[in-house]
Structure formats: structure tokens, C-alpha cells
Amino acid sequence: MTEFRIVEIFESLQGEGYNTGMPAIFIRFAGCNLNCAWCDTDFRRFSRFTLTQLLATLKQYQSKNIIITGGEPTMVKALPELLLSLKQAGYFIAIESNGLGKVDLLIDYIALSPKFCYQSRYQKIAQPLADEVRIVVENHPDFLPFCQYIEKQIDAKRYYLSPCENNGVMNMHDTITLLGKINEGRENNKWLLSLQTHKFAGIE
Ligand code: SF4
């Protein structure tokens, strides 16, 4: 029987990127193929759901938007089965992925967050199309070339830099300095700032 390993399901507002403020049900899957030092997600503790249990749980919430996240949701083997059921039920489906896996065609909105700390893993790009790319800023001389490389490799409608929060401190100055540099000489600011506004708002 199909089984899903899920860390949490909750209804809230999207806090980051273009869809900031969008009401949504978040499904956080267990497991990730990376282990970023500053990761703020505990994706190792989980509960098991059958497809029927998962769909019944989702029905308890009001929103018709679903954000599939993790961990790394493209690693979930039975995801296509879930996506089909969600589409049949009329949900809008967004995904948050680190960009190392191919995203299913049934997904309506793709947000990719390539990780500089694993830059060698992005030599082969699995998902070259996205609605948005969001990269968490790390303090390293090669960070900007990495962003420029990702911009060439992933055709996205929008590109964002996000400050990295480590022990409650955000590298905000570095983030806006890098935004200035990456947008320098362009008529429009191609790269924008994305903050984890849910943290400021005190919501999940
Ligand atoms: S890719 Fe995301 S979920 Fe995985 S370790 Fe890095 S920050 Fe955490």
C-alpha cells in the first residue's frame, strides 16, 4: 500500500517569494538529499499516512492551495499518485524543491532553491524551468558566480536572494549588497529580495 512519510501538515500563509501571503495547506515530507548546516527543518521525525488518510486530512482545511515541501519533496516516490488525486480534487499545487530532482508536470507552481553549499551537485540541472528561484545567501567569494550560473541554467520567471538565518541572526547586509552587485548594469532589477515573512509575522 502507498505510504507517505510526513513531518507535518498545517494551514498558513506562504511567507516567501512571489506568493507571499497566499493561504495554503503545507505538506512537509520527510527526508532530504542534502544536509545544509543552517537548515531549520527537522525532516527526520515523521508520521506515516496512506493516500486515503492524507486526502481526508487535507479536507479538514479550507484552502484549495497546497504547498508541497520538505525536506526534499521530489524524492517522494509516490508523489505522482498524490498529485493526480489532488488535481482531481481541484487543488492548486505548488512545490518548494532544492532543484536536484525533476518536478512532476502536474505541479502548477515551481519554486526552486539551489543550495550554494552543495554547488558541485548543480553541475547537472535536473529542472531547467521554474516559476521562481530563491537562493539563500552564504558568505563566500564564489556565491555570486553561483547565482549567475543558476540564472543561466534555470529559466525562471523570477529570481530572489534570501538572507540566511543562523542562530537568530540574518545576514541582511550581505544579502542586499549582493543584490546590488548581481543587478548592477541592468535596466531592471532581475533579482529581488525574499524574506521569510512568516517569521516576522510569528506564524508557522
Ligand atoms: S535542502 Fe532544504 S530541507 Fe534539505 S537540508 Fe538543505 S535547507 Fe534543509
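FYI, it's all coordinate maths here, none of it is from the lab. The structure displayed is predicted, hence computed values, not measured ones. Here Cβ is always computed from backbone atoms with ideal geometry, including for glycine, and neighbour counts include all displayed protein chains.
Which order results if 150, 135, 176 are arranged by neighbouring Cβ count within 10 Å, fewest first? List each step's numbers first, then the result.
Values: 150 21, 135 25, 176 14.
Going from sparsest to densest Cβ surroundings: 176, 150, 135.
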Please work out, to two decimal places, the log10 of the ratio I(q)/I(0) at q = 0.10, 0.11, 0.15 Å⁻¹ from a Debye calculation in which every Cα of the chain carries one identical scatterer. -0.42, -0.51, -0.95
Quick one: length gained pulling residue 169 to residue 201 fully straight, 0.36 nm per residue minus the C-alpha distance? 9.9 nm
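Sum up the charges of everything whose Cβ sits under 12 Å from the Cβ of residue 191, counting Lys and Arg as +1 and Asp and Glu as -1, but leave residue 191 out. All intermediate terms of the calculation are to be shown ahead of the outcome.
On the way: positive: 134, 158, 181, 186, 190; negative: 132, 151, 184.
Charge balance near residue 191 sits at +2.
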For every other residue with a beta carbon closer than 12 angstrom to the beta carbon of residue 81, add +1 if it is Lys or Arg and -1 if Asp or Glu, then tell me the sum. 0
Taking H as built 1.01 Å from N, whose amide H comes closer than 5 Å to the amide H of residue 17, not counting residues under 5 places away? 195
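Can you tally the net charge around residue 171? Count Lys and Arg as +1, Asp and Glu as -1, for every other residue whose Cβ sits under 10 Å from the Cβ of residue 171. Write down the numbers at each step before the final one.
Numbers: positive: none; negative: 138, 165, 174.
Taking every other residue near residue 171 into account, the sum is -3.
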Please work out the C-alpha center-to-center distance from region 121-165 to region 19-55 and express it in whole Å. 22 Å
At most 16 other Cβ atoms within 10 Å plus a DSSP loop assignment makes a site exposed; report the longest stretch of the chain without any exposed trypsin sites (Lys or Arg not before Pro). 125-185
